[in-house]
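Asks: I have a structure I would like to understand better, so I am pasting it below and will then ask my questions one at a time.
The values are calculated or read from the model by the stated rules, or taken from the named source; none is laboratory data. These figures come from a predicted structure and were not determined experimentally. Neighbour counts are summed over all protein chains in view; Cβ atoms, including those assigned to glycine, are modelled from backbone coordinates with ideal geometry.
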Amino acid sequence: MFHYRWFYPPDADSAADRIARSMNPGLDADALPTVTGAVKGRMVPRLAFVGSSPQTKDAIEASFHRQLAVLEAHLATRPYLFGGRPALGDFGLFAQLYECSTDPTPGAVIRDRAPRTLAWIERMLDPRGEDEWEPWDALEPTLLPLLRDEVAGLFLPWSAANARALAAGEKEFTVTLGGKPFTQETQRYHAKSLGALRARYAAVADRATLDPILERAGCRTWLGSG
């Protein structure tokens, strides 16, 4: 979301205008350019902090397109990620995609290529328990690719590299994602979030059902303590 919002000038202009107006309801037309310029002046330089650059642009956008393709297939037969009611996964995933849907460039992609995902995003603005959870064997064919390609393929190796860099006191790190180097500033929050994921996994008393799923997805190896 941050990449699309501030990397492309039309998106940055749109976001800065909305932010300026929402924070200054009485702002007149003469003062608006000054405030929107200040917003962009603050946010655009932070692209490097989240890993967005001309060198990483293709990797970030390819991930966005893959996620939409997976979600389109998965949401073809169910209203939420795990069946008939929203789960923590829905709340964790939808918010950034909602923000993308409000920006010109990624919003156009979602409207053009992912109508079911857009409907799910809108449904998550007022989520309801409509039916029961589905068993994993029903979810796996279309949900496993999200875990395998995005979580295990990108997010967890990136998170682990970030955590190692933070532990070593490095201000920047590089990790190979999709066969290409991905460089960005080290982030404390994501080291903390990886630690939380590992703690939640360690707290599961009986992993007889969970571990085979994580193994097939390629996630389990990243959930150890190191």
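Residues checked against (1) farther than 27 Å from K171 by Cβ; (2) in contact with a strand residue (DSSP E or B) (Cβ under 9 Å, 6 or more places away or on another chain):
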| residue | (1), (2) |
| --- | --- |
| P10 | yes, no |
| D13 | yes, no |
| I19 | yes, no |
| S22 | yes, no |
| A31 | yes, no |
| V35 | yes, no |
| R42 | no, no |
| R46 | no, no |
| G51 | no, yes |
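Asks: Among the listed residues P135, P141, P115, which satisfies the condition of being without any contact (Cβ under 8 Å) to a residue 60 or more places away in the chain and out of contact with any helix residue (DSSP H, G or I) (no Cβ under 9 Å at 6 or more places or on another chain)? So that I can check it myself, show each step before the final result.
Replies: Numbers: P141 fails: out of contact with any helix residue (DSSP H, G or I) (no Cβ under 9 Å at 6 or more places or on another chain); P115 fails: out of contact with any helix residue (DSSP H, G or I) (no Cβ under 9 Å at 6 or more places or on another chain).
It is P135.
Asks: Ok, one more. Looking only at residues in the stretch 158-200 that are basic (K, R) and without any contact (Cβ under 8 Å) to a residue 40 or more places away in the chain, which one is surrounded by the most Cβ atoms within 10 Å (Cβ to Cβ)?
Replies: By that ranking, first place goes to R198.
Asks: Between L143, L118, which is hydrophobic (A, V, I, L, M, F, W, C), surrounded by 15 or more Cβ atoms within 10 Å (Cβ to Cβ) and not assigned by TED's automatic domain parsing to the domain that holds K57?
Replies: Answer to the selection: L143.
Asks: Please verify whether D58 is surrounded by 13 or more Cβ atoms within 10 Å (Cβ to Cβ), part of a helix (DSSP H, G or I) and among the acidic types (D, E), treating the condition exactly as stated.
Replies: Criteria not met by D58.
Asks: While we're looking at this one, here's another question. Which residue, of A191, A165, A196, is over 18 Å from the mean Cα position of the chain (by Cα), in a helix (DSSP H, G or I) and of a type in the set (G, A, S)?
Replies: Of the residues listed, the single one that is over 18 Å from the mean Cα position of the chain (by Cα), in a helix (DSSP H, G or I) and of a type in the set (G, A, S) is A165.
Asks: Going through D126, D137, D112, D131 one at a time, which residue ends up being closer than 30 Å to K180 by Cα, over 18 Å from the mean Cα position of the chain (by Cα) and surrounded by fewer than 17 Cβ atoms within 10 Å (Cβ to Cβ)?
Replies: Checking each option against the conditions leaves just D112.
Asks: Ok, one more. Test of understanding: among W120, W158, which residue is assigned to a helix (DSSP H, G or I), aromatic (F, W, Y) and under 15 Å from L223 (Cβ atoms)?
Replies: W158
Asks: Given the criterion out of contact with any Pro (no Cβ under 8 Å at 6 or more places or on another chain) and either assigned by TED's automatic domain parsing to the domain that holds Y98 or assigned to a helix (DSSP H, G or I) (or both), identify the matching residue among A12, A29.
Replies: A12
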